[in-house]
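The values are calculated or read from the model by the stated rules, or taken from the named source; none is laboratory data. Computed from a predicted structure; not experimentally measured. Here Cβ is always computed from backbone atoms with ideal geometry, including for glycine, and neighbour counts include all displayed protein chains.
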Amino acid sequence: MARLFIFAVGLLLFASVWSSSLNVDGSSKRLLVLLDNLGLRESHSFYFKQLKDRGYSITFKTSDDSSLQIVKYGEYLYDHVIVFAPSTKEFGGRLDAEVLTQFVDAGGNVLVAGSNTVGDVIREFASECGIEFADDKSAVVDHLNYDLSDDGQHTLIVASPNNLLSSELIVGQAKKNNLPFLFRGTGMSSDPENPLLLDYPATVGKRTLLISVLQARNNARVGFVGSLDFFSNDFFLSAAQPNNGKKSDKSGNQDLAVALTDWLFKQRGVLRSRNIHHYLKSDKSTPRFYTVKNDIVFNVQFDEFVHGKWMPFNGTDVQLEFVRIDPFVRTTLANKGGQLEAQFRVPDTYGIFKFVIDYNRVGYSHLYSATQVSVHPLLHTEYERFITSAYPYYISTFSMMAGAFLLSFLVLYHRDDLPKKKAE
Amino acid sequence: MDAFTSILPFKQLLPQKLSYDKQETFLKLFILASAGILAFATRLFSVLRYESVIHEFDPYFNYRTTKFLTDEGFYSFHNWFDDRAWYPLGRIIGGTIYPGLMVTSAALYHALRWFHITIDIRNVCVFLAPLFSSFTVIVTYLLTKELKNTSAGLVAACLISIVPGYISRSVAGSYDNEGIAIFCMLLTYYLWIKAIKTGSIMWSASCALAYFYMVSSWGGYVFLINLIPLHVLALMFTGHFSHRIYVSYSTFYIMGTILSMQISFVGFQPVQSSEHMLAFGTFGLCQLFSFVEYVKSKLTQAQFDALFSFALVTVGFALSVAGLVLWASGKIAPWTGRFYALLDPSYAKNHIPIIASVSEHQPTAWSSFFFDFELLVFMFPVGIYYCFKELTDANIFIIIYGMTSIYFAGVMVRLMLVLAPVMCVLSGIGISSILTTYMRNLDVSQPKKSAGTASAGSRSRRTDDSSTYPRKNEIAFGVVCLMTFFLITYVFHCTWVTSEAYSSPSIVLSARGGDGSRYIFDDFREAYWWLRYNTDEDAKVMSWWDYGYQITAMANRTILVDNNTWNNTHISRVGQAMSSTEDKAYEIMRELDVDYVLVIFGGLIGYSSDDINKFLWMVRIGGSTDKGAHIKESDYFTPQGEFRVDKEGSPTLLNCLMYKLSYYRFGETYTEQDKPPGYDRTRSVEIGNKNFELEKLEEAYTTEHWLVRIYKVKKEENRGQS
């Protein structure tokens, strides 16, 4: 019993900077497509045309091309890689699973398609990403949801869009359009040990995954689709006729494939933060350090990459924390057209604090920013000079001084004429 | 005095044209100046042998603060909040240190600058302690002179100039509070003796000022503020109490207390904490005592008795009620742990691991008394004997000082320092008295002249009797020779101890090779310099607290804990990280934003005070708080109760972070001939867990002799694979 899942691994933390890292965003369009054979260019031409229309400069290479390389002189030559070469045992040239993994760690995005046979190099790369493909020469068989045009082995599956992860950013309109998907290929399972699994689908127990995506901590995105045919012209065009449902004229494959690719290649769901400012509310200056109980303002500009342009982000659930081991202040930032702002009073605790924004939502790239400031106690001149409750003490001090002065004056200058008379 | 000058063999060398008084002054000045210069010079071993470098741990902090003070001025120093230490808590430095030392150096520095003597502030710091030792020599002379006479003063001054117990804390480079505090303490005592002898307000006020200087420079002032009241009390009980004492003590206490409260670290302690209650109580008692004396002089005996018994009951009751209320409301601060440790040596060990873990806080071994004082150990009782023989107010003071400090020195090693001056003073009195007594018998051809001008009464009687026993010239000669021999061995011993034991900076190590040549291990500075130039400016370094001050001062990086052990919980957290497995430790390190971990490892060169040998303290301190309750000391021992790092060692130990960081890649290293790889030369065993890989950390730097190893904490795995 197989279902079509998209399983997103959302991740915590750090857009960390790696050596020879890629700075991939929506405007990065260098795409390498690795194919088992160049014939796939024709059989999947609709898909590639969609990509070309989006402005990608596509380089097609066969996977065993001996001149294959993605890194040259420490610089990456491509921003994205599509591997439509499931049966490849080993890449040609200077590419192998390790290089591909490094590519991901450097920030590059990868889309991998499997099929009934999945080569060792793909398996190796997948397992680096916590994905395990099913055994070689196997296929997902579903006797309950197969297409009527199936040849009797029930490997051509019709998957319902209900099983998709409900994140419009990743799957686009595919879920809303409610068109079933055609799928023929292998399944996979995710590493149950992976601690970063955020959104495991509700249908646990049917553990076979057909499509899965992963967003690494550096926001590099990796997609695995079990079926190469999923992207083919045939599947894009053909009608889906489930054995147990009503026939739809067109499969949802094209919508999903394109949406998925957009997301993977950072055309959607990409956020960035910039212009972090924090200052005193009173005079709008940023001191070298804050003092306890200062009123301060923190603001930051959030942008979202939409339709090829950076637009102001309009989410209202971004939170700011003021952390010293534990958060002392946690407040939601008010969004004024992408300008997020929070005002709060520094707690009456000194130490080294951090302004932390940790915005991690399914489908969006993970934004983490920590700005360190130190909070000092009051200076010796900043305390109250006179305290009301201390007036009795002031009075007692001065009255005693006056008294002592008077007494010594009397003792020194008063001549005691009558020594027998006792002074009180 | 003539008895004294007659001791000197080179009397003939003195300018003959000078009058007798002038000769005497010249001699005194000559001896004092020599002693002062000797005190300075003998402390320079470390500078000559290594370089002009700050020593050990605390001095680095003092150096750093002094530098800050000279650069930024007093007010920034006073308000200094250090965000480089105790990350992420920070530390208010201005309010948690005794600023006397830094202010002294800064003042010296600016004074020299004013005279256009351009000197580096580091050199001021390095040579401050020897300089103040020279001052101490002079003050000791003055103090002993007040107690006994000039000759005793000169002997004491000579003794203190080279006594190892004091040198241990005042060699060049040992830039610590104690370096100037001993001077302040003796100065206060001198002025106190002066005050009670004269009963003058001026001397008492000077004494209070000296006390203020003492308070501003060392936490050991608590000893002083208890000793002086104790003296007053003793005087009261022995019937020596007089108006002079009353004036001196009242002036001293009031002024001293008000002044001491100006030090922000001390704050309200003088009127709140129980450590200062003796002084306060004695002050009250002084007033009562004088008042009672006054009333007594005005009333008849019967009237007085009635009034006295009535007052005793009411006042006693009122006082006890007030005391209880203050105690219950917490106004009287509870006794602090360090103070309990003084009274009960086992207290700290049982209750506060952080106090017990410091080697300076350990009880003193018998041998170290001899090591630090040599001859003085035997001459000390002699001095006390002579003081008892002539029981004046001042002598009562020095007896009390001697008795209390010898007790405290037995409790804590570091308090040997307080004992050192009184040892010298009393031994000075003892030696001088013995020498004067026998020296007089030495030259029997001039007995009349010597006896005629003998100063102290008790001695003159002895001199008169001396003709009653035979061969007194020979006996006297024997005693003087013996004394001379002792004094000469004292000088040799002191020089040897200073050179061998107390002059190593501990930041640079040295060892002797098989052929007698000297090897220098400069690994500490190598590592700190590496941190300084190769890590991010805001990088946080985790290490055991011993190295905190050095890392901030030399590497200028943020650290989690340092030698100012003010927050036990935070230190405990670091202890937990060090004694947990790598995974658990990683969580703690992420929580505290640790970027680098620094460990000290001596297994390659056989350096014994490394982190593995300190490790049990990390376990104890780590396990002493709630969060670390799962860390139990017994888990780190073998079933037989041994602490071993070889194959027999407990698996918890062999897998904890500290073990792994110390022994990473050590299993494949050959350290000694005929021994298997991974042979630990400090503990003389082959390590038990050899081939392991680090998962959450990576080795960043290891110094030449592996003494310091620095690891970088890895980021979380990019693709979520653990």
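Some notes on this structure:
Rundown of residues vs (1) under 23 Å from the mean Cα position of the chain (by Cα); (2) assigned to a loop (DSSP other than H, G, I, E, B); (3) in contact (Cβ under 8 Å) with a residue 24 or more places away in the chain, yes/no style:
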| residue | (1), (2), (3) |
| --- | --- |
| B:GLU360 | yes, no, yes |
| B:SER367 | yes, no, no |
| B:ASP372 | yes, no, yes |
| B:GLY383 | no, no, yes |
| B:TYR386 | no, no, yes |
| B:ALA394 | no, no, yes |
| B:ILE398 | yes, no, yes |
| B:TYR401 | yes, no, yes |
| B:THR404 | yes, no, yes |
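- Boolean, B:TYR63 is buried (at least 22 other Cβ atoms within 10 Å of the Cβ) and either part of a helix (DSSP H, G or I) or within 14 Å of another protein chain (Cβ to nearest Cβ) (or both): yes
- Residues that are in contact with a Ser or Thr (Cβ under 7 Å, 6 or more places away or on another chain) and of a type in the set (A, V, I, L, M) within the stretch B:231-253 comprise B:VAL232, B:LEU233, B:VAL247, listed in sequence order.
- Those residues of the stretch B:585-615 which are part of a helix (DSSP H, G or I) and either touching a residue at least 60 places away in the same chain (Cβ under 8 Å) or within 14 Å of another protein chain (Cβ to nearest Cβ) (or both), in sequence order: B:ALA585, B:TYR586, B:GLU587, B:ILE588, B:MET589, B:ARG590, B:GLU591
- Here B:THR581 meets the list (1) away from chain A (no Cβ under 14 Å); (2) crowded, with 21+ Cβ neighbours inside 10 Å almost entirely, failing just condition (2).
- Residues in the stretch B:162-175 that are within 25 Å of B:ILE121 (Cα to Cα) and crowded, with 24+ Cβ neighbours inside 10 Å: B:TYR166, B:ILE167, B:SER170, B:VAL171, B:ALA172, B:GLY173, B:SER174, B:TYR175.
- Picking from residues in the stretch B:532-551 that are surrounded by fewer than 22 Cβ atoms within 10 Å (Cβ to Cβ) and more than 15 Å from B:VAL574 (Cβ to Cβ), the one that is nearest to the other protein chains (Cβ to nearest Cβ) is B:ASP538.
- Selection of the stretch A:347-364 for residues being in contact with a Leu (Cβ under 6 Å, 6 or more places away or on another chain) and within 14 Å of chain B (Cβ to nearest Cβ) yields only A:GLY351.
- Qualifying residue in the stretch A:369-384 (condition: away from chain B (no Cβ under 14 Å), of a type outside the set (Gly, Ala, Ser), assigned to a loop (DSSP other than H, G, I, E, B) and surrounded by fewer than 12 Cβ atoms within 10 Å (Cβ to Cβ)): yes
- Hits in the stretch B:661-711 - residues which are acidic (Asp, Glu) and not in a loop (DSSP other than H, G, I, E, B): B:GLU668, B:ASP680, B:GLU686, B:GLU698, B:GLU699
- Condition met for B:VAL222 (touching a Ser or Thr at 6+ places or on another chain (Cβ under 6 Å), within 23 Å of B:PHE268 (Cβ to Cβ) and of a type in the set (Val, Ile, Thr)): no
- Hey, B:SER662 under 19 Å from B:MET589 (Cα atoms) and either modelled with pLDDT under 85 or of a type in the set (Lys, Arg) (or both) or not: no
For (1) outside the structural domain of B:VAL215 (by the TED database); (2) among the hydrophobic types (A, V, I, L, M, F, W, C); (3) without any contact (Cβ under 8 Å) to a residue 24 or more places away in the chain; (4) in contact with a helix residue (DSSP H, G or I) (Cβ under 9 Å, 6 or more places away or on another chain), each residue gets a yes or a no:
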| position | (1), (2), (3), (4) |
| --- | --- |
| B:VAL247 | no, yes, no, yes |
| B:THR251 | no, no, no, yes |
| B:ILE258 | no, yes, yes, yes |
| B:ILE263 | no, yes, no, yes |
| B:PHE268 | no, yes, yes, no |
| B:GLU275 | no, no, no, yes |
| B:GLY281 | no, no, no, yes |
| B:CYS286 | no, yes, no, yes |
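- Only a single item in (1) modelled with pLDDT of 90 or more; (2) crowded, with 17+ Cβ neighbours inside 10 Å; (3) within 23 Å of B:ILE54 (Cα to Cα) is not met by B:TRP529, and it is number (2).
- Test result for A:ARG274, closer than 26 Å to A:ARG221 by Cα and either away from chain B (no Cβ under 14 Å) or outside any strand (DSSP E or B) (or both): yes
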